[in-house]
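**Q** Here it is, the structure, as structure tokens.
The values are calculated or read from the model by the stated rules, or taken from the named source; none is laboratory data. Fair warning: this is a prediction, and the values are worked out from it, not measured in the lab. Ideal geometry is used to build each Cβ from the backbone, glycine not excepted, and the neighbour counts take in all protein chains shown. SASA here: full protein model, heavy atoms, side chains in, ligands and nucleic acids out. Shrake-Rupley method; radii C 1.70, N 1.55, O 1.52, S 1.80 Å.
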Amino acid sequence: MSVQTTRSIWRNYLHYLIPTIIGAVAHTIYCMADVFFVSHGVGPTGLAGLNVALPIFTVYTMFSLLIGVGAATTISVCQGAGEPEKANTSFTLAFFLNLAIGILISVIGSLMMDDVARLLGADEQLLPYVTDYLRPISATAFMYMMSSMMTVIVRSDGAPKLVMVASTAGNLCNVLLDYVTVNLLQWGMFGAGLATAIGPCVSLMILSVHFVRKQNQIRFTRRIRDLRIVLRILRNGIGSSVLEISSGLVIFLFNIALLQVSGSQAVAVFTIISNIGYVGKGIFSGMAQAAQPMISIHYGAKDFFTLRQANRCAMITALVFAAVVYILILLFPDFIISTFVSNDLQILSMGRPAIRIYFLSFIFTGLNTILMYYFQSVEKASYTMTIAVLRGIVLIVAGLLILPHILQITGVWLTLPLAEILTFCLFFPLLFPFERRLQRSLSSEAK
């Protein structure tokens, strides 16, 4: 295989990667803007209500990734295998399954809003703030879920730039409407929720353009009787779904552990750390998702060299990015912490060692994310599921039960690095024998 071919794989990967990263950064800006406008326009109680309400998006994203990533993988493999009708069936079934679940969630959320708010942790003081914010969001939850799912599928269908435009437009619309509804119109939490509800609708309208252009390769079909494809979609998407849920679980468990070991100051430090980690998680997922169409299509086409090289591109990119970020964290911890809070000496003193220890995990988080998506892209759901559960639940729970008793607060900060390092040490050695078996399997099938 020539050097030019390897270069073309890198060019193709960057074609997907750059728009994906731009979209992830735009989403980060929107998240921070939401907090900013509520904090200044409603006040501390409103901000507390927002923090209580935000986990509802984990539920929405869990289902949309389960179906969206699963469908994108299935579609790409079918396209690579020369089965366009099966790819269309996968898309159609995924579309209507996600829509049905989204409508059901919208109805339940709208009819049982107080119950949902209390389930999220709202007390009597925060209840009106949480329900005001959730009212427009619950009513349009199905639009958020459709937008999230279509983002993954349209990107996988060869239109990453359109996804970037749609995501950026939706997020900027959200920021602008936050300013109008919260600051100018003084609609409080309802205004913030309305802005958040409208953003995905804008994104979805732009994404719909993909299906009237000649470049699209997937379309709706009436041939949807093969319900085995639904199981295939769910199996291919389960890893991403578990990873999304485990991210919320990690924050919840860390908050409890820090309150027990140290107190609210430590939770404030972790809020800063988790915000940085959230941005990193989004970028690593973008790197992995950029490689997914290439891996899945060439897996379907029995082209082992290209799918392996695409995975190498993602791993090298994640490694370089993580190393650069961690070096910056080591060199400038005070500057990074003070960008989120004022120069509180206690926060800086506690945050300095915390951020350096916690982000020992960063390189391994990136590599584990790429590994997980790689196995998912070649339809090896058991590997993906095991990585997601091990790093996101089992090792985190075990670490928080053991390490704080030995090392106090340092043990809490060490939990995630150890979980990521152990997961990497367990699964990276399996990559090479797995690829040898995959190469033999694809070669025999190609013959």
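**Q** Under the condition of being of a type in the set (A, V, I, L, M) and touching a residue at least 12 places away in the same chain (Cβ under 8 Å), which residue from the stretch 206-224 is farthest from Ile153 (Cα to Cα)?
**A** For the stretch 206-224, the residue satisfying everything is Ile224.
**Q** Here is a further query. If the Cβ limit is 7 Å and pairs must be 6+ apart or interchain, which residue in the stretch 38-53 that is within 15 Å of Ala122 (Cβ to Cβ) and touching a residue at least 40 places away in the same chain (Cβ under 8 Å) pairs with which residue that is hydroxyl-bearing (Ser, Thr, Tyr) and not in a loop (DSSP other than H, G, I, E, B)?
**A** Thr45/Tyr129; Gly46/Tyr129; Gly49/Tyr129; Gly49/Tyr133; Leu50/Tyr133; Ala53/Tyr133
**Q** Let me ask another. From Leu243, Leu249, grab the single residue that is open to solvent by 30 Å² or more (accessible area, probe 1.4 Å) and closer than 28 Å to Tyr278 by Cβ.
**A** Within the list Leu243, Leu249, the selection yields Leu249.
**Q** Check off (1) touching a helix residue (DSSP H, G or I) at 6+ places or on another chain (Cβ under 6 Å); (2) surrounded by fewer than 20 Cβ atoms within 10 Å (Cβ to Cβ); (3) of a type outside the set (S, T, N, Q) for Glu85 and give me the number that stays unchecked.
**A** Looking at each condition in turn, Glu85 falls short on (1).
**Q** Sticking with this structure for a sec: In this structure, does Leu367 turn out to be more than 20 Å from Gly248 (Cβ to Cβ), of a type outside the set (Asp, Glu), open to solvent by less than 70 Å² (accessible area, probe 1.4 Å) and free of Cβ contacts under 8 Å to residues at least 24 places away in the same chain?
**A** No.
**Q** Need the failing condition index for Tyr358 against (1) at pLDDT 85 or above; (2) open to solvent by 40 Å² or more (accessible area, probe 1.4 Å); (3) among the hydroxyl-bearing types (Ser, Thr, Tyr), just the number.
**A** Here Tyr358 meets the rest and fails (2).
**Q** Please enumerate the residues belonging to the stretch 67-82 that are among the small types (Gly, Ala, Ser) and either touching a helix residue (DSSP H, G or I) at 6+ places or on another chain (Cβ under 7 Å) or surrounded by 16 or more Cβ atoms within 10 Å (Cβ to Cβ) (or both).
**A** Gly68, Gly70, Ala71, Ala72, Ser76, Gly80, Ala81
**Q** Does at least one position in the stretch 186-197 carry a residue that is in contact with a helix residue (DSSP H, G or I) (Cβ under 6 Å, 6 or more places away or on another chain), closer than 24 Å to Thr45 by Cα, open to solvent by 60 Å² or more (accessible area, probe 1.4 Å) and free of Cβ contacts under 8 Å to residues at least 40 places away in the same chain?
**A** For the stretch 186-197, residues in contact with a helix residue (DSSP H, G or I) (Cβ under 6 Å, 6 or more places away or on another chain), closer than 24 Å to Thr45 by Cα, open to solvent by 60 Å² or more (accessible area, probe 1.4 Å) and free of Cβ contacts under 8 Å to residues at least 40 places away in the same chain: present.
**Q** Shifting gears a bit: Please list, ordered by first then second residue, the pairs with beta carbon atoms under 9 Å, 6 or more apart or interchain, first in the stretch 249-264 and under 22 Å from Leu119 (Cβ atoms), second at pLDDT 75 or above and not in a helix (DSSP H, G or I).
**A** Close Cβ pairs satisfying both conditions: Ile251/Pro55; Phe252/Pro55.
**Q** If I filter the stretch 8-20 down to residues being open to solvent by less than 40 Å² (accessible area, probe 1.4 Å) and either of a type in the set (Phe, Trp, Tyr) or under 14 Å from the mean Cα position of the chain (by Cα) (or both), which single residue comes out as nearest to Thr317 (Cα to Cα)?
**A** Once the filter is applied, the top-ranked residue is Tyr13.
**Q** Please go through (1) modelled with pLDDT under 90; (2) in contact with a Leu (Cβ under 6 Å, 6 or more places away or on another chain); (3) aliphatic (A, V, I, L, M) for Ala117 and return the number of the only condition it doesn't satisfy.
**A** (1)
**Q** For the stretch 396-403, check the following and say yes or no: at least one residue is assigned to a helix (DSSP H, G or I), within 22 Å of the chain's Cα centre (by Cα) and closer than 25 Å to Ala291 by Cβ.
**A** no
**Q** Looking for something at pLDDT 90 or above, touching a Gly at 6+ places or on another chain (Cβ under 9 Å) and either surrounded by fewer than 24 Cβ atoms within 10 Å (Cβ to Cβ) or within 30 Å of Thr6 (Cβ to Cβ) (or both) - is there at least one such residue anywhere in the stretch 328-338?
**A** Taking every residue of the stretch 328-338 in turn, none turns out to be at pLDDT 90 or above, touching a Gly at 6+ places or on another chain (Cβ under 9 Å) and either surrounded by fewer than 24 Cβ atoms within 10 Å (Cβ to Cβ) or within 30 Å of Thr6 (Cβ to Cβ) (or both).
**Q** Taking the stretch 298-322 as the search range and keeping residues that are out of contact with any Phe, Trp or Tyr (no Cβ under 8 Å at 6 or more places or on another chain), within 18 Å of Leu17 (Cα to Cα) and aliphatic (A, V, I, L, M), which one is surrounded by the fewest Cβ atoms within 10 Å (Cβ to Cβ)?
**A** It comes out as Val320.
**Q** While we're here: Among the helices (runs of 4 or more DSSP H) lying completely within the stretch 1-111, list those that include at least 1 residues that are among the hydrophobic types (A, V, I, L, M, F, W, C) and under 21 Å from Ser167 (Cβ atoms).
**A** Result: 3-41, 56-80, 84-111.
**Q** May I ask you to verify whether Asn275 is of a type outside the set (Phe, Trp, Tyr), within 22 Å of Leu390 (Cα to Cα) and surrounded by fewer than 17 Cβ atoms within 10 Å (Cβ to Cβ)?
**A** Here the answer is no, as Asn275 does not meet what is asked.
**Q** Kindly indicate whether Val59 is of a type in the set (Val, Ile, Thr), touching a residue at least 12 places away in the same chain (Cβ under 8 Å), buried (at least 19 other Cβ atoms within 10 Å of the Cβ) and at negative phi.
**A** It is false that Val59 is of a type in the set (Val, Ile, Thr), touching a residue at least 12 places away in the same chain (Cβ under 8 Å), buried (at least 19 other Cβ atoms within 10 Å of the Cβ) and at negative phi.
**Q** Considering only the stretch 98-119, how many residues are open to solvent by less than 50 Å² (accessible area, probe 1.4 Å), hydrophobic (A, V, I, L, M, F, W, C) and either over 24 Å from Leu66 (Cβ atoms) or more than 21 Å from the chain's Cα centre (by Cα) (or both)?
**A** Residues meeting the conditions: 3.
Results for (1) among the charged types (D, E, K, R); (2) farther than 19 Å from Glu244 by Cβ; (3) in contact with an Asp or Glu (Cβ under 7 Å, 6 or more places away or on another chain), shown as yes or no for each residue.
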residue	(1), (2), (3)
Ala288	no, no, no
His298	no, yes, no
Arg312	yes, yes, no
Ala318	no, no, no
Phe332	no, yes, no
Ser338	no, yes, no
Gly351	no, yes, no
Thr365	no, no, yes
Gln376	no, no, no
